[in-house]
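One structure is given here, and the rest of the page talks about it.
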Amino acid sequence: MKIPLGISELQKGLLKREYNAQSLVKEYLERIKKYDKELNSFLTITEDGAFEQAKTIDELISNNKEDLLK
């Protein structure tokens, strides 16, 4: 998956169900693991928390409650 660069693009893709939040979290975590060795820009990465929040977002969207995300 090619990760969109902007927040608004991410939101539109989620709401159009082009991808889900959990897959975005996975992609971003993979990028962090790949590049942060050189950049050293993260003190803490909370993978479990990120996936929990993504799961909640996916459930809201699948239940047509995406208005709660705004």
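Which chymotrypsin sites (Phe, Trp or Tyr not before Pro) does segment 24-58 hold that lie in a coil by DSSP with at most 12 other beta carbons within 10 Å?
Answer by residue number: Phe42.
Just tell me which lysines come within less than 25 Å, Cα to Cα, of Lys37; anything on the same chain fewer than 8 places away is out.
By straight Cα distance, Lys37 reaches Lys2, Lys26.
If each residue of separation counts as 0.36 nm, what is the full-extension length gain between Tyr35 and Glu18 once their alpha-carbon separation is subtracted?
So the chain would gain 3.6 nm between Tyr35 and Glu18.
Which of rounded, prolate or oblate describes the chain when judged by the alpha-carbon gyration tensor and an a/c cut-off of 1.5?
In terms of gyration-tensor shape, prolate.
Laboratory data are not the source of any read-out in this text; all were calculated from the coordinates shown. The shown structure was predicted, so the numbers you read here are calculated from the model rather than taken from an experiment. Backbone-built Cβ (ideal geometry, glycine too); neighbour counts: all protein chains shown.
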